[in-house]
Amino acid sequence: MLSALNANRIYTPGGYDASRATSAVLEVYDSATDRWTAGPTMPEGRNHPCVVAGGGRLFVIGGYSASNAATASTFAYDPSTQLWSTRRVMPVARAAHACVELNGRVQLFHDPNFILDEVPWRPQ
C-alpha cells in the first residue's frame, strides 16, 4: 500500500479491505497526535495506484479498479476542504507503478518488463 506525506500527515488511500475487495478508504496518520483516522472515501476504489503529494493535494493516479482492470484515472484530495476531485486522465492506463513529484510535474515509472518507462505528466 502506497502513502504520501503532506503537512506532517501520511495519507494512505485504497488497497484491499479485510475480505480482499478493492477499497476506496483513505487512512490518515497525524504525526503530531500519533493517531490514525479515516478520511473521506475516494470516488472509486483502487489498489496498486501511484500516490504522490504536490501543491498541497494528494494525487491517486491509476491503479487497479474493483474489476482488476488497470485505470488511467486520477483523483485529487484537498486536505483543506476534505474533498476529492477527478483530474486529468493519464495517456495510458497503469497500475503497480511508482511516481514522484518533481518541479510541478509527476514522473511515472512503470516496469512490467524491467524497462524504465518515464512519463512526465501534469495531473492538474
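Every number in this text was worked out from the coordinates using simple rules, so none of it is lab data. On a predicted model such as this, the values are computed, not experimentally measured, just so you know. Methodologically, a virtual Cβ is constructed for each residue, glycine included, from the backbone with ideal geometry; neighbour enumeration extends over all protein chains shown.
A few notes on this one:
- Take every pair of alpha-carbon atoms less than 8 Å apart whose residues are at least six positions apart; their mean separation over the length of the chain yields a relative contact order of 17 percent.
- Modelled spin-label separation between residue 8 and residue 93, with each label point placed 7 Å from Cα along the Cα-to-Cβ direction: 4.2 nm.
- Most mobile of 104, 54, 45 in a GNM of the chain (Cα contacts under 10 Å): 104
- Fluctuation leader among 91, 79, 40 - the chain, Gaussian network, Cα springs under 10 angstrom: 91
- Among the listed values [x] 11, 28, 21, 13, 11, 8, 5, 2, 0; [y] 14, 47, 32, 7, 0; [z] 12, 36, 23, 14, 7, 4, 2, 1, the one matching P(r) over Cα pairs in 10 Å bins from 0, in percent as calculated from this structure is [y].
- Nearest-20 debye value, the chain charge dipole, Cβ charges on Lys, Arg, Asp, Glu: 240 debye
- Ranking 76, 89, 24 by how far each Cα lies toward the positive end of the dipole of segment 1-102 (charges on Cβ) leaves 89 at the top.
- Each of the peptides 95-101, 83-89 was scored by the mean count of other Cβ atoms within 10 Å over its residues; in descending order, highest first, they stand as 95-101, 83-89.
- For segment 1-65 and segment 79-93, distance of Cα centres in Å: 13 Å
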